[in-house]
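Derivation of every value follows stated rules applied to the coordinates shown; laboratory data play no part. Not measured: the values here are computed from a predicted model.
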Amino acid sequence: MENYLLFILTAMLIIIMPGPGFALVTKNTISHGKNGGIKTVLGTISGMMIHTIMATLGLSAILMKFAMLFTFIKYAGAFYLIYLAVKSIKSALHKKEDMSGSV
């Protein structure tokens, strides 16, 4: 019984704590307004739904069985994150140039 109560308390604390999704939604709402926040929420929820459906269908087990496919998906995700980082840096540099040119 003591372990059960400790588990419930720990689970509730984890549920209450904001995560990276909350930080992203907050950032995009501040940067891009209400519509940016709503789009971010929809994207985050869509990703969670896809992940849940894949786990439910057992696709995680299939990916673990076929290591090559899992490795390909990992690298594709890494390259996509690098692409987003480069795009973000270019955008920031472009904005910085625009701001210095308008003074």
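Overall, the ratio between the Cα radius of gyration of the chain and 2.2 N^0.38 Å, rounded to two decimals, is 1.55. In sequence order, the stretch 30-36 has phi-based couplings of 5, 6, 10, x, 4, 5, x Hz under the Karplus curve 6.51 cos²θ - 1.76 cosθ + 1.60, θ = phi - 60°, and Gly or Pro positions carry x. Roughly what percent of Cα-Cα pairs across the stretch 52-103 reach past 13 Å? Summing the P(r) tail past 13 Å for the stretch 52-103 gives 71 percent. In summary, the stretch 1-57 shows an alpha-carbon radius of gyration equal to 1.52 times the 2.2 N^0.38 Å reference for compact globular proteins. Maximal additional length on extending the Lys39-Met64 stretch stands at 5.8 nm, based on 0.36 nm per residue less the C-alpha distance.
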